[in-house]
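Enquirer: Take this structure, written in structure tokens, and hold onto it; I'll ask about it next.
The values are calculated or read from the model by the stated rules, or taken from the named source; none is laboratory data. None of the values given here were measured: they were computed from a predicted structure. Glycine also receives a Cβ, built like all others from the backbone with ideal geometry; neighbour counts cover every protein chain displayed.
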Amino acid sequence: MSRFDAGRRAGDSDDHSDRSDDHHHRGRQRARAEFEMLGRLWSAGVAAPYPVQIDGTDLLIEFIGDADGNAARRLAELHPEPEDLDDLWDQCRAALVALAAGGCHPSADTT
């Protein structure tokens with residue numbers, strides 16, 4: 001067998017399949033963890049989308065936007081005026097307090 005052919009037997013493709021299955025399993029685990037955390041955040045009163053359904057690695061979450069179907073702006077798109085900063089800080093602080101009170105921190109992870 002030549003050096004090029006070494007390791008190119010049919011059995012080796014099973015190893016790749018196992019790695020692929022592991023990858024998909026980890027993806028499902030991450031999706032489930034995100035779904036559960038969104039539920040905990042929402043239940044704690046944090047401004048987070050309500051998790052509706054999970055299917056494998058796909059999450060269906062509540063749409064956050066206006067009645068015309070326009071999605072809410074992302075935080076990165078926000079360029080607040082100086083007079084809005086105090087209110088935004090208060091919202092951030094309230095969210096952190098709700099996170100802590102609701103047990104939404106890594107040491108509270110039950111998975």
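Enquirer: Keeping to the range 31-56, report how many residues are surrounded by 15 or more Cβ atoms within 10 Å (Cβ to Cβ) and either modelled with pLDDT of 90 or more or small (Gly, Ala, Ser) (or both).
Expert: Pass one, the range 31-56, residues surrounded by 15 or more Cβ atoms within 10 Å (Cβ to Cβ): 31-32, 34-38, 40-42, 44, 46, 48-49, 51, 54.
With either modelled with pLDDT of 90 or more or small (Gly, Ala, Ser) (or both) added as a condition, the list becomes 31-32, 34-36, 38, 44, 48-49, 51, 54.
Total satisfying the criteria: 11.
Enquirer: Return only the number of the condition from (1) of a type in the set (S, T, N, Q); (2) under 30 Å from Arg28 (Cβ atoms); (3) in contact (Cβ under 8 Å) with a residue 40 or more places away in the chain that Gln91 does not satisfy.
Expert: Going through (1) of a type in the set (S, T, N, Q); (2) under 30 Å from Arg28 (Cβ atoms); (3) in contact (Cβ under 8 Å) with a residue 40 or more places away in the chain one by one, Gln91 breaks only (2).
Enquirer: I'd like the residue in the range 61-94 that is of a type in the set (A, V, I, L, M, F, W, C) and more than 22 Å from the chain's Cα centre (by Cα) and, out of all such residues, is surrounded by the fewest Cβ atoms within 10 Å (Cβ to Cβ).
Expert: Ala67
Enquirer: Going through the range 66-91 one residue at a time, which ones are on the phi < 0 side of the Ramachandran plot and either in contact with a Phe, Trp or Tyr (Cβ under 8 Å, 6 or more places away or on another chain) or not in a helix (DSSP H, G or I) (or both)? Write out each step before concluding.
Expert: Going through the range 66-91, the residues on the phi < 0 side of the Ramachandran plot turn out to be 66-68, 70-91.
Within the range 66-91, Asp66, Ala67, Asp68, Asn70, Ala71, Ala72, Arg73, Arg74, Leu78, His79, Pro80, Glu81 meet the criteria.
Enquirer: Right, another one. Evaluate the range 31-46: report whether one residue or more is in contact with a Phe, Trp or Tyr (Cβ under 8 Å, 6 or more places away or on another chain) and hydroxyl-bearing (Ser, Thr, Tyr).
Expert: So far as the range 31-46 goes, no, none of its residues is in contact with a Phe, Trp or Tyr (Cβ under 8 Å, 6 or more places away or on another chain) and hydroxyl-bearing (Ser, Thr, Tyr).
Enquirer: Sticking with this structure for a sec: If we scan the range 43-57, do we find a residue that is aromatic (Phe, Trp, Tyr) and assigned to a loop (DSSP other than H, G, I, E, B)?
Expert: Within the range 43-57, one or more residues are aromatic (Phe, Trp, Tyr) and assigned to a loop (DSSP other than H, G, I, E, B).
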